[in-house]
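Have a look at the structure below before the remarks.
Bear in mind these aren't lab numbers, they're just calculated from the coordinates by the rules spelled out. Computed from a prediction, not measured in an experiment: that's the story for all the values here. No Cβ is skipped: glycine too gets one built from the backbone with ideal geometry, and neighbour counts run over all protein chains shown.
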C-alpha cells in the first residue's frame, strides 16, 4: 500500500467519525463551532468578525452534510 493510499484510508476514517459525531450530537458540534468562533473573534479583537461568522456558518453546514450522509453506517446500509 502506497503512502497516499494510507493517507486516504485515514482521512476516510476521520470523515466517518466526524459524520457519526455530527449525527449523534449535532447540538454539541454547533456549540463547539460557536465557541471556537467566539475565541477566534476575541483573540483578533473583532477585526475579522464577518469572516469568522462566515467560516463558522460554513463549518456548521459542512458538519450537517456529513451527518446527513450517514458516515460510518453500522449495518451494510444502502447507498
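Couple of notes before you dig in:
- Projected label distance in nm at residue 35 and residue 4, using a 7 Å step from Cα toward the beta-carbon: 3.8 nm
- Computed helical MRE - 222 nm, the chain, DSSP H runs ≥ 4 contributing -39500 (n - 2.57), nearest 500: -26500 deg cm²/dmol
- Compared with the direct C-alpha span, the chain from residue 14 to residue 61 gains 15.2 nm at full extension, assuming 0.36 nm per residue.
- Axis of helix 26-43 versus longest Cα principal axis of the chain: the two differ by about 40°, to the nearest ten degrees.
- Geometric extent, Cα atoms of the chain - Rg, Dmax (angstrom): 15.8, 49
- You can think of it this way: the chain between residue 25 and residue 47 has 4.8 nm of extra reach, that is 0.36 nm per residue less the Cα-Cα gap.
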